[in-house]
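Reading through the structure tokens given below for one structure.
Just so it is clear, none of the values below were taken in a lab; they were calculated from the coordinates. Since the structure is predicted, the reported quantities are computational estimates derived from the model, not experimental observations. Every residue, glycine among them, receives a Cβ derived from its backbone with ideal geometry; neighbour counts consider all protein chains shown.
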Amino acid sequence: MCHTDVHFVKEGLAPYPLTPGHELAGVVTKVGRNVTKLRVGDAVAVGCMVDSCFGCRSCRAYEEQYCLNGAVWTYGGETKYGRAGPDGERTRGGYSDAFVANQRFCFKLPPESLPKTRDEEDASKTTDTKSSLAKYAPLLCAGVTTFDPLVRYGCLDGRKRVGVAGFGGLGMMATKLARAMRCDVVALSSSPDKEPAARRMGASEFWVTTDAEAMKEKAEAVKEAVKKRDAAVYGWQHPDPPPAGEGSASDSDEKKASGDDRVSLDVILDTVSAPHDVAALVDLLAPDGTLVLLGLDARPFALAANALVFSRKVVRGSLIAGTKSTEACLEFCVKHGVFPDVRVIDAAKAADALKALDKKNDAAVRYVIDCETIPKRAKRSAAA
């Protein structure tokens, strides 16, 4: 379950009837005659898209989310390329007990993700048959949405200082992924109670964004730190080289310049979908730093040009991930054991979970619906 589901349900972003859900994980039960990458019995996941034109520049680069002719979203979208149902129909998502998708948008999961059989349960002395598969589902939205910009803006090789603004579903995955990439992670949240979870997931620092005075001090510290580093390296203003011991950077200065003891952030992933002070986040960036907007807040924000041009900072947007990046994300998460903390719930508790998501998700978990608990049509008819 994703906070986007809350937006769709509360704000009427798509016509009713609406079936949300764009983080799916399950088992293949049937395949079409032209399917080559999957077979019956495979564990599989589906994310936020189920079709695109396949022919435009974005689709040819496997960045289907930016399809120039319009991607078809997993729910609330309209089919138009003939691969996700008859054209003109409204797509319905993963809060269901079955789903059909084109193989390009299906991602094979490792065999160990498959639910255990009864015999395997008895052998392993566990009854938790759902969590192994459930932990993959949120990777198809929260995982790929944060993985793609982290890789694109140079975090995969480590040594970056990454800020994560907002500690909901996206923020939790961003923290885990950035830490797995050997980056230093700072979590920024309006909820002080989330600090223990943020530190447990890999954040080295936790900044409370509602503490205006503390945030102002951080911004000032960023400015002062940059000045000190620049003064140490570039302070000698004579055209000739400085005499030994004058105007040259000390070991301490070089340490700071290389990234240790820093306050500023190289990359900030802004996952907040509610109105907030974007300019304040820009102030926390290092020169040449990048703020990536991931939260879906349609309201405009104000940002002075000099906040960017004097330090070459950049504000960008990013939307989920294409199929190639999604495959890379899944491979990375399996290799490094990066998975969300999930709580598997019955379908009857979905409304309560949506309400919890709407209240900042203080439980610091991703809710995953066990779709086998959805009442079957025959049972609903009988009850009626």
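Observations on the model:
- Amide hydrogen proximity for Glu78: with H placed 1.01 Å from N in the peptide plane, the residues at 5 or more positions away or on another chain lying under 5 Å are Trp73, Thr91.
- The residues Tyr95, Tyr66, Tyr367, when put in order of fewest to most other Cβ atoms within 10 Å, stand as Tyr66, Tyr95, Tyr367.
- Applying 1/(1 + (r/R0)^6) with R0 = 35 Å to the Cβ-Cβ distance of Lys30 and Lys324 gives a FRET efficiency near 0.85.
- Approximate spin-label separation Leu303-Leu68, in nm, with each point projected 7 Å along Cα-to-Cβ: 2.6
- Sorted fewest first by neighbouring Cβ atoms within 10 angstrom, Thr74, Thr4, Thr290 come out as Thr290, Thr4, Thr74.
- Spin-label pair Lys359-Lys227: with each label point 7 Å from Cα along the Cα-Cβ axis, the two points sit 4.5 nm from one another.
- Order of Val314, Val50, Val164, Val278 under a 10 Å beta carbon neighbour criterion, fewest first: Val314, Val278, Val50, Val164
- Low-density loop cleavage sites - trypsin sites (Lys or Arg not before Pro) in the range 182-215, where at most 15 other Cβ are within 10 Å (DSSP): Arg182
- Interchain or long-range residues, amide H under 5 Å from Asp42's placed H: Val28
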